Amino acid sequence: MAEIAVSLVVDQLLPLLREEAKLLRGVHKEFADIKDELESIQAFLKDADKRAASAEGDNTSEGVKTWVKQVREVAFRIEDIIDDYLIQVGQKPRDPGCVDLVCKIKTMIPRRRIVSEIQDIKSSVCSIKERSERYGFQRSLEQGSSNSRGSWDAKWHDPRVAALYIEEGEVVGYEIQRERLIDWLIKGRDERTVVSVVGMGGQGKTTLAKKVFDSKNVVGHFDCRVWITVSQSYNVEGLLRDMLLKFYKQKGEDPPKDIFQMDRGSLTDEVRNYLQQKRYVIVFDDVWIVHFWDDIEYAIIDNKNGSKIFITTRNLDVVVSCRKSSFIEVLELQPLTQEQSLELFNKKAFRFDYGGCCPKELITIAYDIVKKCKGLPLAIVSIGGLLSAKEKNVFEWQRFSENLCFELMKNTHLIGIKEILGLSYDDLPYYLKSCLLYFGIYPEDYEVNSKRVIRQWIAEGFVKEERGMTLEEVAEGYLTELINRSLVQVSSLRFDGKAKGCRVHDLIRDMILEKFEDLNFCKHISEDGQSSLSGTVRRLSISTSSDDFIDRIESSHVRSIFVFTNKKSDTFAKRIPSKCRWLKVLDYESTPLFNIPKKFGNLIHLKYLSLGYITAGKIPNSIGMLQNLETLNLKATSVSELPKDISKLRNLRHLIGSGLSLIQLNNGIGEMTSLQTLRYVNLGMDGAADVIKELGKLKKMRELGLLNVRREDYNVLSSSINEMQHLEKLHVKLSSTANDEFIDLNLISPPTKLRKLTLRGKLHKLPEWILELRNLVVLRLKLSGLTKDPMQSLKSLQNLLILSIGVGAYGGSHLYFQDGWFQKLKELDIGSSDELRDIVIDKGALSSLKKLQLYGLPRLKNIPIGIQHLEKLEVLHIRSMQVEYLQHKSPEDWNWIMEHVPFVEISTSDGDIVSNSRR
């Protein structure tokens, strides 16, 4: 009877299975078609927003923008259905036999839904194509659109044009820079030199350059001088012709009659001939194109007569490209100080009354308005000019200050600010636009860690593979380009001089937030609850602990969530796996949780997961289901023990904690071969040797941090590190400070790419393998207990930038830096040594040193001998100096130091500051 029942069931199932097979073939074909359509639409969207912006002011502009927004939403739907397909169709049944049949039947309904959804999307795509002809868009909009706004600069409402006519008395804050530029132009070498001013839009580059160009010293020094405005759109022939016409006009001569018939070669020869015997200065204002120098280099002859090329640009790469055939001098403009900003604001706002001074009742409001400008001269001048025509009363100004962002969008006098900054966005290659927009996700004035945002870009799919480079290296190049284009500001630096922390100017952020609405890029949800959640929501930036917004989200579209509140929001966290199953980025780094919901394992598309403090302190086993996870950041949590299932995460590239135990993974960690970052791992327990041996299989490792390493594990650790030839950063902390415990790594083949090394624990002597690390730029030693002056050995590390001889690292009485030693070192820290009495610096040693910190040196008798030789020293900190020594010194005794060191701070062991100098 049982066999008959099974036979009947199978007979009933067979038609369904045949239908399923047919449906499956159809799904695969539909999927391939819709993927092709997505690629086509994405190519289309690359320039669609710029084309829509170029239609600003005509009757169709709103229709075009609305249509482009609809196209973008169709692209979102296609992305969603592709992910749905990968989940429902791409999954293979786990069990054979009858269970397999049941699984297939269960998948029929979602597959039918997928096919139906694809058909609906195809219908939308057909409608898009029909409407594309109405608006004059072709299938590929990438051609010929980059110069669509080239004529904008000719319009007289351009604030840059006004910058050419600012009176001398209205220029504020750039006096030192002005003199430096004049010196660069009229002094120095005979060879042709490119002098440049680099800064973000509206920072005053054109104004400063014009004042230098018109200074009497420059006018009298050169035989000929011309000013050429370049801008985004230029024609090389037109540029050369414009140059010639201005040369002849300046001399009152007639240009060649056939000048308008000359081709590029003839114009180049004509310019060269004209400049042959002359000392000239040519200003190229507002250069955008990186290859600009290639276009004009051969026309601008190097006649070895002290001639200069003066370039203003928003993009540092424009200037760097000149280096291949010319000397260059670069001035990177910084924002005005608050004092300078107020001075400039008062000159504009009160130029017709109050004697150019702010009345007492408006001082506080003026300060708030100026503070919002963040030192940007264009914003200060524009807003000051607008307020000069308004009533000078508290009510009027207070209302303006509170609505400043709105005023920037609606007031014609201020729209130029938005357009100036918008040009920088429009000029970005498509792959950088989303990267810049990402900075708007973070709260205002938030310092964004560069590694954090780079890993998020990768998770979002913004970063494309390049041969011979990791995705992280490619993304770092993206960030560098945004910095060089003056769109992202560096707020702190890493040891190698690259950006550690960065942010965007408030006005750039305002522009980004406006783009958010047009592009459906991100929605901000704050305590005031003002953000609209209508339409497609792709990313959420949450700064409220309220959960009221959850039910208003079209959750299937959400791909990234960022939570920036220090209050627990466990209710929302529990609902994420069911409401937002297609997440790729989940950043909870700033927010505490009671625990991690077990259903987090359902987020199988998740690539980036960063968690804040977890009260329960446990990671669920379900995290092993996150097969696509690339970054797991547990640094801010209290988590130490990891579940064994984490070893299933074969795509994990970065595992970050503050004292992780990997004992549960001792048979699996070696299989996580994608790992590049692993820190910090606690090895102070039995069984650690097995884990350490497994680490040797991780050939891609670039950053490794190990804590509480035990003496018996050093041999196996040495073997594992020898296998990590891509390692760039290594941190090793000894488990004990007992007298018989020493760090004893025997690195026969030390990683040649190692750039940063931290050793915390006793050393018999300075290891020989350290001296083989020719690429080392940072060395930090703590509790080393060295008795012999290590400088004699360390001097061979010629690329060192930072050297820290920290707490208990050196127990000798003298340190001696000889002539020629440490030529590249920029930062030197020496601290917490009970025996150190003297530090001697020969002339010629430490010639690049910018920062010197001495602390916890109770027997230090004097300021380091020879400190006056450190001509580039900018910061000197001496803490806990002998009170007896300091009591015999008057402020005049420090003057010889402070004459050349801008910042000097000397304090006693009690914390009393006896000398403090800031220049």
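The values are calculated or read from the model by the stated rules, or taken from the named source; none is laboratory data. Everything quoted here is computed from the prediction, not taken from an experiment. Because the Cβ atoms are built from the backbone with ideal geometry, glycine has one as well, and the counts that use them run over all protein chains shown.
Among the residues of region 298-355, write down those that are farther than 25 Å from residue 379 by Cβ and among the basic types (Lys, Arg).
304, 308, 323, 324
Here is a list: 267, 344. Which entry is aliphatic (A, V, I, L, M) and more than 41 Å from the chain's Cα centre (by Cα)? I'd like the intermediate steps shown before the answer.
Numbers: 344 fails: more than 41 Å from the chain's Cα centre (by Cα).
Just a single option satisfies the conditions, and that option is 267.
List, please: which pairs have Cβ atoms under 7 Å, are six or more places apart or on different chains, and start with a residue in region 755-782 that is free of Cβ contacts under 8 Å to residues at least 24 places away in the same chain and outside the structural domain of residue 803 (by TED's automatic domain parsing) and end with one that is assigned to a helix (DSSP H, G or I) and surrounded by fewer than 20 Cβ atoms within 10 Å (Cβ to Cβ)?
none
Conditions tested, residue by residue: (1) within 23 Å of residue 697 (Cβ to Cβ); (2) not charged (D, E, K, R).
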| position | (1), (2) |
| --- | --- |
| 600 | no, yes |
| 655 | yes, yes |
| 666 | yes, yes |
| 671 | yes, no |
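I'm told residue 586 meets every condition in (1) touching a Ser or Thr at 6+ places or on another chain (Cβ under 7 Å); (2) within 20 Å of residue 549 (Cβ to Cβ); (3) at pLDDT 85 or above except one. Can you identify the failing condition by its number?
(1)
Find the strands (runs of 3 or more DSSP E) located wholly in region 576-670 whose residues include 2 or more that are buried (at least 18 other Cβ atoms within 10 Å of the Cβ) and at positive phi, and list them. Let's see the steps before the verdict.
Numbers: elements: 585-588, 608-611, 631-633, 654-660.
Strands (runs of 3 or more DSSP E) meeting the threshold: none at all.
Hey, among the residues in region 215-242 that are in a loop (DSSP other than H, G, I, E, B) and more than 37 Å from the chain's Cα centre (by Cα), which one's surrounded by the fewest Cβ atoms within 10 Å (Cβ to Cβ)?
Initial filter on region 215-242 (in a loop (DSSP other than H, G, I, E, B)): 215, 222-223, 232-235.
Of the ones still in play, those that are also more than 37 Å from the chain's Cα centre (by Cα) are 215, 222-223.
Values: 215: 18, 222: 20, 223: 14.
By that ranking, first place goes to 223.
Among the candidates 285, 317, single out the residue that is assigned to a helix (DSSP H, G or I), closer than 22 Å to residue 487 by Cβ and of a type in the set (D, E, K, R).
Result of the check over 285, 317: 317.
In this structure, does residue 284 turn out to be assigned by TED's automatic domain parsing to the domain that holds residue 225, among the aromatic types (Phe, Trp, Tyr) and over 29 Å from the mean Cα position of the chain (by Cα)? Write out each step before concluding.
Details: assigned by TED's automatic domain parsing to the domain that holds residue 225: yes; among the aromatic types (Phe, Trp, Tyr): yes; over 29 Å from the mean Cα position of the chain (by Cα): no.
Considered against the rule, which asks whether it is assigned by TED's automatic domain parsing to the domain that holds residue 225, among the aromatic types (Phe, Trp, Tyr) and over 29 Å from the mean Cα position of the chain (by Cα), residue 284 comes out as no.
Which fully enclosed helices (runs of 4 or more DSSP H) of region 445-523 have 1 or more residues being among the β-branched types (Val, Ile, Thr) and in contact with a Ser or Thr (Cβ under 7 Å, 6 or more places away or on another chain)? Explain how you work it out, then say what you get.
Values: elements: 450-460, 471-484, 506-519.
Output list is empty.
Please go through region 610-635 and give me each residue that is closer than 14 Å to residue 591 by Cβ and in contact with a Phe, Trp or Tyr (Cβ under 6 Å, 6 or more places away or on another chain), ordered by number.
Within region 610-635, 611, 612, 615 meet the criteria.
Out of curiosity, is residue 313 touching a Gly at 6+ places or on another chain (Cβ under 9 Å), crowded, with 17+ Cβ neighbours inside 10 Å and assigned by TED's automatic domain parsing to the domain that holds residue 197? Before the answer, list the steps.
On the way: touching a Gly at 6+ places or on another chain (Cβ under 9 Å): yes; crowded, with 17+ Cβ neighbours inside 10 Å: yes; assigned by TED's automatic domain parsing to the domain that holds residue 197: yes.
The answer is yes for residue 313.
Here are 764, 814, 726: which of them is within 32 Å of the chain's Cα centre (by Cα) and of a type outside the set (A, V, I, L, M, F, W, C)?
Details: 764 fails: within 32 Å of the chain's Cα centre (by Cα); 814 fails: within 32 Å of the chain's Cα centre (by Cα).
Answer to the selection: 726.
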